[in-house]
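Enquirer: Below you will find the structure I want to go over with you.
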RNA sequence: GGGAGUAUAGCUCAGUUGGUUUAGAGCACCUGCCUUACAAGCAGGGGGUCGUAGGUUCGAAUCCUACUACUCCCACCA
């Protein structure tokens, strides 16, 4: 038989993925006999393409879900996508623009047709890419946040929250995107890290009925026409005499009061602050406090309107007006100073335009009360965050939670279920018919034609916060009276709460916290037990991977190059929960090398000739050790999984296979070249190998499935993906320790060979001076085999010319024969002697300390005394040998 | 400005309630090997005064204090 010496993933991956799909192994259903294990995917945006962040995130989910499936749980991983209202709308608008179509010209219904078309075309790309990764999602359950039932659920929740009094409409200072013409949540406003260059203009305002001026400093001179006050600090002696007087706004000659407020900093700018309540959140608050007029001079598209009282500026963009007015001021000698200034300007995450603070009527959710249970749940560890450091962040946010602006001036999304009556009043209802009924209660003659539905849609997160319930159609049983899902349908009752949510810490508040809030509000129960927060995938230089930097590798290409298994393990090798992952292709290479290692272990097992004999004693010991070692490793690996230490679980598996199985075990049982292997030994070795494949399967699903089937003939349903997870049995620590001692000894022998230039092929003798020869007896034959020893002699006399070393306080010697270089030997021994003396010194210092001797526990003391004895013995032999050498 | 976190080998990280050698792993590095499972490999090796300064203790990477550096989150000065 000839098997390629290199594993070729391309040949097997698609084959097995298709097989798993055909056999419906990913599909989960209500099954009272089994414990459910549910994960809902963080739904990627329909605009997205697979990036490295998704790779990391979904690999972790797949590892967890595959392990659960093998453990006999009903493993359900629900995939889906998020409609991502602003991101998608921006893409569709851009696409239409290329076709020469303007959104405003085609109207809402027509636009939505294009948007849906766009979603159908591109929305599924990312899910298809996840299949290449091996993601074992239940594709029959693929959900979308604007599916019919989901849409209905979002509306129901809006109506319910309105009825419960959690939703209100208010005039607020919000972040306005002048390009997308929509409000943005605080979370959608980005700030450049180092700020942006700006100019602080110092402008003179004349005091009314006086020759005096005040100088105010502003970055936004174009807003002065909206000024309705000037504030100074009451403690500022420069200005106390002005408080209560009036100042005059340049050009438009409006008289505005000078007021005193602690808010004004004494040492910033000129110490004098102009108040423009319509165009700055702080000014708005100040204005409210001091009852100042609000004059909104900027249109929704960022141009100035007639309220600015300067006809030449009307209809011009705010930044153009800034330039114009600065010039005008300069000419009028009103500009005292222009100061360069670094400021953090907010920009829209989606359109990158400078965000305009704007007063606007928006819908809000009151957050304080509704989030109380959600705060407590994490606080008291009912829901656990991994790593736990995020608990603090969570608490801090939840305790200071602000009301949530949920309306967006967009079309793509869930339209707000509020209908306006001609008189400006409104009703909130699930459907138009219901709305009409409610409206008629207010005004009996009203008809459907009189009602006008709110044009706005909801913030994306106001739909995705229902995800863990909505993907199981949970809201079909929504009870309007109690405002809860009182009688969950069978699916929701079974799969909810989900087990773990795997997501990025950036959306802890956007999404995770809000899902927890919604879960308790509508199910009265947490949406998930654990939250695993991944890190950010960065490049080697520590930069975040981003499209604009072009530093993100294409995951699909990576998988073609290293195999999906290689990339999966590459992602996981060094990414503990919550830590950023500095990505390096080398990691994938390591993953690929690992697959190749396993492939070759299989080649060895498959390539051996078999003879019908029982195992030799040495082979029996090897098998016994490997089985015990496997059980020990299973306990360790299970512990890592339990703590969501996925990297550690992988490393444990990696070392178990590479070091213990391949490097030690296979070398132990491998027959001499050309010799056959005992059938019994081979069968045991294969049985162990298959167990190892199972343990590895969650990490490397493809190669393990391929090898599972290559080991022998298996039916199409006998797949490793559904094989039983090996349970850890108790293990005998004695044989593991005996093996460790043997390995240490073998390493020392190899070390001697390597440093003395003795070929591995030359058999050597070994003499061990020990009080406990039985410690070596179990592994004696294996030590001889792996160390290539002709004999091991206990407590015999070593010739003078020997290489010696110490194992476990036992002195070992290898007769040097003619392999000796006296000078070199002497130098090495001197070095060793020095080290031993230094070591003894440190031990003696400890033992000479009376307080240590009196206070340390007996065990610790005994240890130190043993160390002393060892060191002394070593020094003695070294000195003797050196004396003999002259 | 408020809050949180981190600092251990070249890199990424372990180090469980202070106590088994003068601190471990993977990768990287160096040396020697094309030893018929695997050069995508084998064998061996070097490398850290555990961020700095104090303190507690018989004993500190581990506990305490201060400092320094970096990271993240929140708020944000016109």
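Enquirer: For all pairs of alpha-carbon atoms in chain A, what percent lies in each bin of width 10 Å, listed from the first bin to the last filled one?
Expert: 2, 10, 15, 16, 15, 13, 10, 8, 6, 3, 1, 0, 0
Enquirer: In chain A, what percentage of the DSSP-assigned beta bridges are antiparallel, given to the nearest 5?
Expert: On the way: 63 of 92 bridges.
Looking only at bridges with both residues in chain A, the antiparallel portion is about 70 percent.
Enquirer: Separate question: Based on the Cα atoms of the stretch A:371-529, what semi-axes does the equivalent ellipsoid have, where each is the square root of 5 times one gyration tensor eigenvalue, given in whole Å with the largest first? Could the numbers behind the result be given before it?
Expert: On the way: eigenvalues 238, 70, 35 Å².
Gyration-tensor ellipsoid for the stretch A:371-529: 34, 19, 13 Å.
Enquirer: Is the stretch A:594-660 rounded, prolate or oblate when judged by the Cα gyration tensor, a ≥ b ≥ c being the square roots of its eigenvalues, rounded requiring a/c under 1.5 and prolate requiring a/b larger than b/c?
Expert: On the way: a/c = 4.04, a/b = 1.69, b/c = 2.40.
Verdict is oblate for the stretch A:594-660.
Enquirer: Using only the alpha-carbon atoms of the stretch A:594-751, report the extent along each of the three principal axes, biggest first, to the nearest angstrom.
Expert: 39, 36, 28
Enquirer: Based on Cα positions only, what radius of gyration and what Dmax would you give for the stretch A:159-231, in angstroms?
Expert: Rg then Dmax for the stretch A:159-231, in Å: 19.4, 61.
Enquirer: The stretch A:1-149: Rg/Rh from Cα coordinates, Kirkwood Rh? Numbers along the way, then the final one.
Expert: Details: Rg = 19.3 Å, Rh = 17.7 Å.
Here the Rg-to-Rh quotient is 1.09.
Enquirer: Can you tell me the relative contact order of the stretch A:372-458? Whole percent, Cα pairs under 8 Å, sequence separation 6 or more. All intermediate terms of the calculation are to be shown ahead of the outcome.
Expert: Working: 94 pairs, mean separation 26.4, N = 87.
Normalised by residue count, the contact order of the stretch A:372-458 is 30 percent.
Enquirer: Above 22 angstrom, tally the Cα pairs of the stretch A:451-582 and express them as a % of all pairs, no decimals.
Expert: Details: 4768 of 8646 pairs.
Pairs farther apart than 22 Å: 55 percent.
Enquirer: Still on this structure, I have one more. Across bins of 10 angstrom width beginning at 0, how are the C-alpha pair distances of the stretch A:554-649 distributed, in whole percent?
Expert: Going out from 0 Å in 10 Å bins, the stretch A:554-649 shows 14, 28, 32, 19, 7, 1 percent.
Enquirer: Out of all DSSP beta bridges with both ends in the stretch A:232-329, state the antiparallel percent to the nearest 5.
Expert: Numbers: 6 of 8 bridges.
In the stretch A:232-329, DSSP labels about 75 percent of beta bridges as antiparallel.
Enquirer: Rounded to a whole number of µm²/s, how large is the Stokes-Einstein D of the stretch A:777-830 at 10 °C and 1.306 mPa s, given Rh as the Kirkwood radius over C-alpha pairs? List each step's numbers first, then the result.
Expert: Details: Rh = 12.7 Å.
Here the translational diffusion coefficient equals 125 µm²/s.
Enquirer: Rounded, prolate or oblate for the stretch A:268-360? Axes are the square roots of the Cα gyration tensor eigenvalues, ordered a ≥ b ≥ c, and the cut-off for rounded is a/c under 1.5. Intermediate values should be presented prior to the final figure.
Expert: Details: a/c = 1.18, a/b = 1.08, b/c = 1.09.
Taking the square roots of the gyration eigenvalues as a ≥ b ≥ c, the stretch A:268-360 is rounded.
Enquirer: Would you mind classifying the stretch A:751-814 by shape? Square roots of the alpha carbon gyration tensor eigenvalues, ordered a ≥ b ≥ c; an a/c under 1.5 is rounded, otherwise it is prolate if a/b is larger than b/c and oblate if not. Please report the intermediate quantities before stating the final value.
Expert: Numbers: a/c = 1.83, a/b = 1.25, b/c = 1.46.
Verdict is oblate for the stretch A:751-814.
Enquirer: Let me ask something else. Just want to confirm a number: the relative contact order over the stretch A:428-504, from Cα pairs under 8 angstrom separated by 6+ residues, in percent.
Expert: With pairs under 8 Å counted, the relative contact order is 17 percent.
Enquirer: May I ask you to compute the full-extension gain from residue A:852 to residue A:479, defined as 0.36 nm times their residue separation minus their alpha-carbon distance, rounded to one decimal in nm? Mind dumping the intermediate values first?
Expert: On the way: separation 373, 0.36 × 373 = 134.28 nm, distance 7.10 nm.
The residue A:852-residue A:479 span can extend by a further 127.2 nm.
Enquirer: Along each of the three principal axes of the Cα atoms of the stretch A:206-330, give the extent in whole Å, ordering the values from largest to smallest.
Expert: Extents along the principal axes: 41, 30, 24 Å.
Enquirer: Here's another thing I want to ask about it. Given contacts defined as C-alpha pairs under 8 Å and at least six residues apart, what's the relative contact order of the stretch A:229-269, whole-number percent?
Expert: Values: 58 pairs, mean separation 20.4, N = 41.
Reported as a whole number, the value is 50 percent.
Enquirer: Then there is this: Quick check on the stretch A:675-796: what does the Kirkwood estimate of hydrodynamic radius come out to from the alpha carbon pairs, in Å? List each step's numbers first, then the result.
Expert: Numbers: mean 1/r = 0.0562 Å⁻¹.
After inverting the pairwise mean of 1/r, the radius is 17.8 Å.
Enquirer: Quick one: check the C-alpha center-to-center distance for the stretch A:587-616 versus the stretch A:432-488, whole angstrom.
Expert: Comparing the Cα centres of the stretch A:587-616 and the stretch A:432-488, I get a distance of 61 Å.
Enquirer: Working from the pairwise distances between different alpha carbons, so that the mean of 1/r is found and then inverted, what is the stretch A:229-280's Kirkwood radius in Å? If you can, show how the numbers build up before the last one.
Expert: Details: mean 1/r = 0.0883 Å⁻¹.
The answer is 11.3 Å.
Enquirer: At 222 nm, what value in deg cm²/dmol follows for chain A if DSSP H runs of at least 4 each add -39500 (n - 2.57) and the sum is divided by all its residues, to the nearest 500? Don't jump to the answer; show the numbers that get you there.
Expert: Numbers: 28 runs with 369 residues, N = 886.
Calculated at 222 nm, the ellipticity per residue is -13000 deg cm²/dmol.
Throughout, read-outs are computed from the coordinates displayed, never taken from laboratory work. This is a predicted model, so every value here is computed, not measured.
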